[in-house]
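The values are calculated or read from the model by the stated rules, or taken from the named source; none is laboratory data. The shown structure was predicted, so the numbers you read here are calculated from the model rather than taken from an experiment. Every residue, glycine among them, receives a Cβ derived from its backbone with ideal geometry; neighbour counts consider all protein chains shown. Note: areas computed on protein heavy atoms with side chains; ligands, DNA, RNA excluded. Shrake-Rupley method; radii C 1.70, N 1.55, O 1.52, S 1.80 Å.
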Amino acid sequence: MAEKKSLGKEFTKGLIKENPVLRLVLGTCPTLAVTTSVSSAVGMGLSATAVLVCSNIVISLLRKVIPPKVRIPAYIVVIASFVTIVQMVVKAFLPDLNDKLGVYLPLIVVNCIILGRAEAFAGKNKVLPSAVDGLGMGVGFTIALCCMGLVRETLGSGTFLSGVSSINNGSGLAIPFLSQHPMLIFVLAPGGFFVFGLLMACANKLAEEKGLPKAVLHGCENCPMAKSCTIKEKENCASGEEVAK
Amino acid sequence: MSYSKELLSIFVTYILTQNFILSKFLGICPFLGVSKKLNTAVGMSAAVIFVMMISTAVTYPIFNLLTAMGLEYLETIVFILVIAALVQLVEIAMKKYIPSLYNALGIYLPLITTNCAVLGVVLLNIDTNGYSGDLANFGRAMVCSLGAGLGFMLAMVMFAGVRSRLEGADIPKFLKGLPITLIAASLTSLSFLGFAGLVENMFA
């Protein structure tokens, strides 16, 4: 079914309609962890996009070579190689960003968006649609991270674009009232959960106006490990309640 | 600071102040996904503690080997593969030899392979506890994983309790489902902010 859609549709679906963070609820860890400022959010988003596009291309090229039984380990190797490359590039050219992202940069390997797209799309589709799908999802991820980062940075530290060395020596533009009275809680951990919750509520409201279903935690359907997972039969794991309502 | 005191301080830090879920945002997927029932939450976290401990025990010597060969840049790819293979092996062995334990923990094991909390603790141990192969550092790394695992369990169990109270609550329409869960997580995380500074003062 996916092949019949035009490439444009493959790209745009990742931006809004199937936004990986706000609609599919994937990749929540980096969404919460690196969005204390817009610049680190963009850095994370672009790094993940690069990995996503490259790994989608390679996995799609190899889709007939990889035996289905060992596909998950094979995907992980491909993804981990690209993450290593991105890690080296960031370390070499953007050391500040590397310090900010810290352990979350290598953790792109276990970002469920990337493995999820490999499993759901790139493993079944041709190279060009897979690349476009990866790009769309990556840009969608970046947009969602930017929204989080914008809210958290503005309210939490009262600046805009801090960390970009060309603006004010890296301290960013100060926002008049907020920079004197920053609400520190927004850059701390609780603020991350809170802003994400509210953003999700807004996304749900917009989705309802458009007649789309609410975002639910796709714990089982989208999880790349779903096939080998037996929790589903034993307990109703992830999203029973959320689907019902 | 004596070594045992240092270990204790690492242990408490990773349970309370640097809680993996609530302040480091590692392992959010199981936190939101499997915390609906208390027994599932406990089973999942017990499996996480177990996998964290064995992964650290195995990857720490491997990193020394990589350093010796000058291949540190391969750490990400090597660690994820080692963890994945290890979890599979443990699952098979457990199924064969300890079926009762397999019934309790086994079902969660495949899920944990691609869990960022496990890879996170392994990478963090390498970053913070240095690479030198001496036994003292290995001890620190193991205590750190145990603390991180127990902190994971604490957050999961607490949050399972919070969620069971949410079930019957009257929630505004657009906050229903995931948004209210995240806001509840935010409040749980806020309570852990109260521990800030605790470890420094306790072990000063």
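Some notes on this structure:
- Taking only protein heavy atoms and a 1.4 Å probe, the accessible area of the protein assembly as shown is 69% carbon and sulfur.
- Taking all protein chains as shown and a probe of 1.4 angstrom, residue A:153 keeps an accessible surface of around 0 Å².
- Kirkwood hydrodynamic radius of chain B, Cα pairs, Å: 18.0
- With the simple model of a label 7 Å out from the Cα in the direction of the Cβ, residue B:42 to residue A:17 spans 4.6 nm.
- Each Lys and Arg Cβ is given +1 and each Asp and Glu Cβ -1; about its Cα centre, the protein assembly as shown then shows a dipole of about 1300 debye.
- Residue A:31 contributes about 0 Å² of solvent-accessible surface, heavy atoms of the protein only, 1.4 Å probe.
- Centroid-to-centroid, using Cα positions, region B:125-204 and region B:18-71 are 12 Å apart.
- Region A:2-215: relative contact order as a whole-number percent, Cα under 8 Å and 6+ apart: 32
- Accessible area (Å², per residue) of region A:1-98, counting only protein heavy atoms and a probe of 1.4 Å: 45
- Alpha-carbon Rg with Dmax, taken over region A:1-120, Å: 14.9, 43
- Legend: residues B:62, A:76, A:143, sorted from most to least accessible area (1.4 Å probe; ligands, DNA and RNA excluded), read A:143, B:62, A:76.
- Nearest-10 value in Å² for the accessible area of residue A:58, using the 1.4 Å probe: 40
- Expected-Rg normalisation [2.2 N^0.38 Å, Cα atoms] applied to the protein assembly as shown: 0.95
- Placing a pseudo-label 7 Å from each Cα along the Cα-to-Cβ vector at residue A:183 and residue B:62 gives an inter-label distance of 4.4 nm.
- Stokes-Einstein diffusion for region A:2-215, with the hydrodynamic radius set to the Kirkwood value over Cα pairs and evaluated at 37 °C in a medium of 0.692 mPa s, equals 183 µm²/s.
- Legend: residues B:198, A:61, A:24, B:26, sorted from most to least accessible area (1.4 Å probe; ligands, DNA and RNA excluded), read A:61, B:198, A:24, B:26.
- Total accessible surface hidden between B and A, rounded to 100 Å², 1.4 Å probe: 4500
- Per-residue average of Cβ from other chains inside 10 Å of B:30-39: 4
- Measuring nothing but how far apart in sequence close Cα pairs (under 8 Å, 6+ apart) lie, relative to its length, region B:3-198 scores a relative contact order of 42 percent.
- Those residues of region A:171-203 for which accessible area with every protein chain present is at least 10 Å² below the isolated value (1.4 Å probe): A:185, A:188, A:189, A:190, A:193, A:194, A:196, A:197, A:198, A:200, A:201
- Of B:17, A:28, the order by accessible heavy-atom surface (1.4 Å probe, DNA, RNA and ligands excluded), from most exposed downward, is B:17, A:28.
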